[in-house]
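I have placed the structure first, in the form of structure tokens, so that the comments after it can refer back to it.
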Ligand SMILES: *Cc1c(COP(=O)(O)O)cnc(C)c1O
């Protein structure tokens, strides 16, 4: 049997049934229902943020955060070309322009010195991505503060990292089924700023502020049904986290004794959503093919500025599109969920040491 890259965590069906029953009884499906509020309180407690606003997706969490900041239309947002395409698409959906900047080859996250080089008069915000279980450099916060720029973090890969809490102006998470804790489709924006929390609540609901449509906004709200999925998944979370933590160790052991791959940023890595090993870019395709021959689905994530990609024509400040593309080919994402079994790990080790 093939082992897939991701495997959605199954919600507790009985708990989901009970919660869904309540929705039918109240006939309240969205707009300030009790389950969304309960999930938001649960996420604040679990993650340690003061304020959490649930959204329809991780992408709408990013767009909502940018809209709530009231940035001038057409402004430039500095971000990474090493991410999922949701990141720049969310910037564009907020009426802003993504500007790509090079990454640190060791951590694959935004390089602060290249960010500094890219800041100019039209820059309105920085949107770094905590990628593949590695938090971005805290020098970015210092830099943004020095330039008076807001920072919106993409934490789609960083659920559960205590030390990213409190950083930046706002942080967007994904609750998509392929991540960790999930609501099928969903996400949330977190902040410690009470005033921003209010603006986020307007932005996520068409920009409406007490029946006046004052602000920029979208319909990015989470539904009660989605919140019920999230609340029924919460009880399964700690066992899944434990399984992923031991898998992360097993992959490190396999990579350490391999001449073909190495552990990604060993001193910083603590993936819970997605995990990668690093390789020679020339070898990426053949390693992925060999893993597939062993029924293991692994994959790379091409740089968004690479050939044939949506942003292929965009420059990368501090590097070239070609070098960035090569950097993206130095990472292989491995199956990362509680259903991965010892025999899969053995197959992976075999390919790594062949
Ligand atoms: C999944 C993901 C998103 C988008 O999340 P959705 O909930 O699927 O909209 C954004 N950024 C990164 C890095 C992701 O992996």
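Coordinate-derived values only; no laboratory data. Please read these numbers as outputs of a predicted model, since none were measured by experiment. Please note: Cβ atoms are built from the backbone with ideal geometry, for glycine as well, and neighbour counts cover all protein chains shown.
Some notes on this structure:
- Semi-axes of the equivalent ellipsoid for region 1-42, Cα gyration tensor, largest first, Å: 28, 13, 9
- Residue order for 313, 163, 209, fewest other beta carbons within 10 angstrom first, comes to 313, 163, 209.
- Shown here are the Rg and Dmax of the Cα trace of region 133-179, at 11.5, 38 Å.
- Scaled against 2.2 N^0.38 Å for its residue count N, the alpha carbon radius of gyration of the chain is 0.99.
- Per-residue ellipticity at 222 nm, computed for the chain from helices alone with -39500 (n - 2.57) per DSSP H run of at least four residues, works out to -11500 deg cm²/dmol.
- Top of 130, 264, 215 by mean-square fluctuation, Gaussian network on the chain, Cα under 10 Å: 215
- Legend: ranking of residues 201, 244, 41 from fewest to most surrounding C-beta atoms inside 10 Å; resulting order 41, 201, 244.
- Antiparallel bridges, percent of DSSP beta bridges restricted to region 113-225 (to nearest 5): 55 percent
- Distant alpha-carbon pairs in region 1-98 (separation over 15 angstrom), percent: 74 percent
- Percent antiparallel among DSSP beta bridges (both partners in the chain, rounded to 5): 55 percent
- Mean separation of Cα contacts under 8 Å, 6 or more apart, over the residue count of the chain: relative contact order %: 24 percent
- Reported to the nearest whole Å, the Cα centre-to-centre distance from region 310-354 to region 86-119 is 19.
- Ellipsoid fit via the Cα gyration tensor, region 207-276: semi-axes of 41, 18, 8 Å, each the root of five times an eigenvalue, largest first.
- Ascending count of other beta-carbon atoms within 10 Å, so fewest first, for 1, 222, 274: 1, 274, 222
- Pairwise Cα distances in region 236-353 exceed 19 Å for 49 percent of all pairs.
- Descending semi-axes in whole angstrom, ellipsoid equivalent of region 296-341, from the Cα gyration tensor: 28, 10, 8
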